[in-house]
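Student: Got a structure here, written out as structure tokens. Questions coming.
Here, each number is a calculation from the coordinates, and none is a lab measurement. Note that the structure is a prediction, hence the values are computed from the model and not measured. For neighbour counting, all protein chains shown are included, and Cβ atoms are generated from backbone atoms with ideal geometry for every residue, glycine included.
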Amino acid sequence: MCGVFGIRAPERDVARLAYFGLFALQHRGQESAGIAVSDGGRLTVLREMGLVAHVFDEQQLQALPGEVAIGHTRYSTTGANKWSNAQPHIHHGAARTIALGHNGNLVNVEELRTELVADGIRLASGSDTELIAALVARDPAPLVDAVANTMRRLEGAYSVTALVDDILVAFRDPFGFRPLTLGQLGEDWVVASETCALDLIGATYLRDVEPGEMIVAGPNGLRSYRPFAPAPSSHCIFEHVYFARPDSYVFGQSV
């Protein structure tokens, strides 16, 4: 269980908004927190062990300028509770550099890790999240196709936010096992694990990111892609009875 957040808002303080979004999602993970920003395509990541309010202070937020940001608060389910597994992960690949945060668990980790290592990819953590980032980063196809190709390789639960250049990407596994919501702040786009994060920054909840859907927010607006054929969804009941905040809407229903 983790909390993910993403925002593309060129005229706003995206790092600060990500901080508030993570603060609202603190209940989803207390082990580590991190924010990645894109400033003209240049990616910077700050992640550390501890609570959101302990990891970030005013000086650090001011040192994270940009137009796009993602954030993550972690409760470890794959990989030990240590700094190398804190998120967002940043991965420099042959095709692109990506910063990525993930809520969920993959079940084909060993297969993917073996393939990447055999291909000469260096992995710095024990987290399944880094495998997702590495797959996208090494794929020479255009970004949308690279993400779609990666989604088809993943088995298990994943709700993901990612940064590539000045583009915000969010995608969800075809079962929709973990929640991911889409909101709007003025003309800007926001994604988060729960609607409580949208509420805290004054964003309007629009809808859930659909199971198997990929959202891409860039200079030309928001685009939606669906690499999978429609399939029956399979939601985690514990989101309603344990994980989520009682003031959130999860899977379209009030907790």
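Student: Where in the chain lies the longest segment free of trypsin sites (Lys or Arg not before Pro) that are both loop residues by DSSP (not H, G, I, E, B) and have at most 14 other Cβ atoms within 10 Å?
Tutor: 123-255
Student: A further question on this structure: Using a 10 Å Cβ count of at most 12 others and DSSP loop calls, identify the longest part of the chain lacking such GluC sites (Glu not before Pro).
Tutor: No qualifying site falls inside 12-186, the longest such stretch.
Student: Find, to one decimal place in angstroms, the Kirkwood hydrodynamic radius of the range 34-125, where the mean of 1/r is taken over every pair of different Cα atoms and then inverted.
Tutor: 14.6 Å
Student: Give the separation of the Cα centroids, the range 177-232 to the range 17-62, in Å.
Tutor: Here the answer is 20 Å between Cα centres.
Student: Oh, and also: Please find, in a Gaussian network model of the chain (springs between Cα atoms separated by less than 10 Å), the residue of Gly186, Gly66, Gly202 whose mean-square fluctuation is greatest.
Tutor: Gly186
Student: Related question: If you add up the charges near Tyr205, with Lys and Arg at +1 and Asp and Glu at -1, over every other residue whose beta carbon is less than 13 angstrom from its beta carbon, what do you get?
Tutor: Here the charged neighbours net out to -3.
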